[in-house]
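This report concerns only the one structure given below.
The values are calculated or read from the model by the stated rules, or taken from the named source; none is laboratory data. None of these values were measured; they are calculated from a predicted model. Every residue, glycine as well, gets a Cβ built from its backbone with ideal geometry; the counts of neighbours run over all protein chains shown.
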Amino acid sequence: MRTLRNIAIIAALALVVAAVPGGGEAAEAVLTAITITFLATIALAGFQIYRSQRLAIMTLTDQQRLLLCAALGVVILMIAGADEMLETGLGTLAWIGLIAAAAVAIWRLYLDSQTY
């Protein structure tokens with residue numbers, strides 16, 4: 001019965017988007033608001049991580065901090081440009097490659113920071 005209710009709710013929302021004039025724009029506005037909330041939550045989490053790990057970040061060498069900032073910058077740019085980059089095959093490969101390179105850089109930085 002619960003599954004049937006959930007399907008009915010989804011069908012009603014789809015009907016509103018399809019039948020009501022301006023329903024598509026309202027759905028796009030809701031999706032944009034959800035996306036902004038998600039990105040703001042990620043930014044807040046990043047700020048909290050920075051505050052809790054401030055001493056560890058400050059003890060990194062200048063090159064390590066530069067690598068960390070560059071890798072995080074690449075991740076942020078890839079999130080911001082995901083819509084455009086994921087439209088083509090080559091863009092998708094570049095997006096995956098840059099995200100993977102940033103993840104490897106952060107992982108290597110973590111491993112290097114744990115050694116004496």
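The set of residues in region 1-21 that are at pLDDT below 80 and of a type outside the set (A, V, I, L, M, F, W, C) contains only PRO21.
Given the options LEU68, LEU109, LEU60, name the one that is touching a residue at least 40 places away in the same chain (Cβ under 8 Å), among the aliphatic types (A, V, I, L, M), out of contact with any strand residue (DSSP E or B) (no Cβ under 8 Å at 6 or more places or on another chain) and not in a helix (DSSP H, G or I). Steps first, answer last, please.
On the way: LEU68 fails: not in a helix (DSSP H, G or I); LEU109 fails: not in a helix (DSSP H, G or I).
LEU60 is the lone residue from the list that is touching a residue at least 40 places away in the same chain (Cβ under 8 Å), among the aliphatic types (A, V, I, L, M), out of contact with any strand residue (DSSP E or B) (no Cβ under 8 Å at 6 or more places or on another chain) and not in a helix (DSSP H, G or I).
Cβ-Cβ contacts under 7 Å between residues 6 or more apart (or on different chains), taken from a first residue in region 92-105 that is within 11 Å of LEU68 (Cα to Cα) to a second residue that is assigned to a helix (DSSP H, G or I), are listed as ALA102/ALA71; ALA102/VAL74; ALA102/VAL75; ALA105/LEU67; ALA105/ALA71. Scanning region 80-91 for residues that are loosely packed, with under 13 Cβ neighbours inside 10 Å and either of a type in the set (Gly, Ala, Ser) or in contact (Cβ under 8 Å) with a residue 24 or more places away in the chain (or both), we see that the one that is farthest from LEU31 (Cα to Cα) is GLY89.
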